[in-house]
Amino acid sequence: MNVCYVYLQIYRLFDDATPINADCGRLCRKACCRGDDLGMYLFPGEKSVYEFLKPDWIKIENSDFTYFYDGQKKSAPIAFCNGVCDRYQRPLSCRIFPLVPFLTDDGKVDVIVDPRAKAVCPLASLDAEDYDRTFVKNVKKTFSLLCKNKQVYAFMKEYTMYLNGYKKFFK
């Protein structure tokens, strides 16, 4: 199956499901959409969506974040926006923010508040259980399915270790 198609279908899960039943951007004046130099990681294969759509508001580069898959070191793409996007073309990381997938010690997918979000998002002080249930369920379902792909799972193992490093600083 075409990976671009898979991501486009996954995106639809978040067309109407949002962290809270209100415009959270009003709480912080869209702090996560300022178009700064932080960027959002793309998950394995997700770059193909932007090669297909070719939006002019996004720039994709290779990041310093790497993971090993199939005996090779892979660099995760990172997306930078100009602060204004087509909501229906946003990367998956933007759609699920401020939540993030996380692998438990036994390798299962869980959903946590992204520890990096605590610096910019007022919702990051909540627990994942405090978010809209459909939203959280869709995040978990998305990554439970995506992690069946060996490359995504390899990415998630390294991403979990990366997030653990941030959890020390943002308790």
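So for segment 100-163, taking the charge dipole from beta-carbon charges (+1 Lys/Arg, -1 Asp/Glu), which of 126, 162, 149 sits furthest toward the positive end? Farthest along the dipole direction, towards plus: 149. Looking at segment 58-156, the trypsin sites (Lys or Arg not before Pro) that sit in a DSSP loop and have at most 14 other Cβ atoms within 10 Å of their own Cβ are 108, 148. Annotation: the residues 34, 90, sorted from fewest to most other C-beta atoms within 10 Å of their own C-beta, follow the order 34, 90. Derived scalar couplings between HN and Hα for segment 136-153 equal 4, 4, 5, 5, 5, 4, 4, 7, 5, 6, 4, 6, 6, 7, 4, 6, 5, 5 Hz in order, rounded to whole Hz, by the Karplus curve 6.51 cos²θ - 1.76 cosθ + 1.60 (θ = phi - 60°), x for Gly and Pro. With an a/c value of 1.5 or above and a/b larger than b/c for the gyration tensor axes a ≥ b ≥ c computed over the alpha-carbon atoms, segment 1-76 is described as prolate.
All alpha carbon pair distances within the chain were sorted into 5 Å bins beginning at 0; the resulting P(r) in whole percents reads 1, 8, 17, 22, 23, 18, 8, 2, 0, 0.
For the pair residue 120 and residue 164 in one chain, pulling the backbone fully straight at 0.36 nm per residue adds 14.0 nm over the alpha carbon distance.
For a paramagnetic label modelled on residue 8 (point 7 Å from Cα along Cα→Cβ), amide N atoms under 17 Å away belong, within segment 52-89, to 52-56, 86-89. Counted by Cβ distance under 14 Å from residue 140, the other residues give a net charge of +3, where Lys and Arg count +1 and Asp and Glu count -1. Sorted ascending by nearby beta carbons within 10 Å, beginning with the fewest, 18, 104, 142 become 104, 18, 142. Assuming charge only on the beta carbon of Lys and Arg (+1) and of Asp and Glu (-1), the dipole of the chain about its Cα centre is about 60 debye to the nearest 20.
Overall form of segment 96-135: oblate. Here a/c, set by the Cα gyration tensor axes a ≥ b ≥ c, is 1.5 or more, and a/b is not larger than b/c. When shorter helices are ignored and each DSSP H run of at least 4 residues is given -39500 (n - 2.57), the per-residue value for the chain at 222 nm works out to -10000 deg cm²/dmol.
Taken together, the values in this text are just the output of simple stated rules run on the coordinates, not laboratory data. Note that this is a predicted model, so its numbers are computed, not measured. Backbone-built Cβ (ideal geometry, glycine too); neighbour counts: all protein chains shown.
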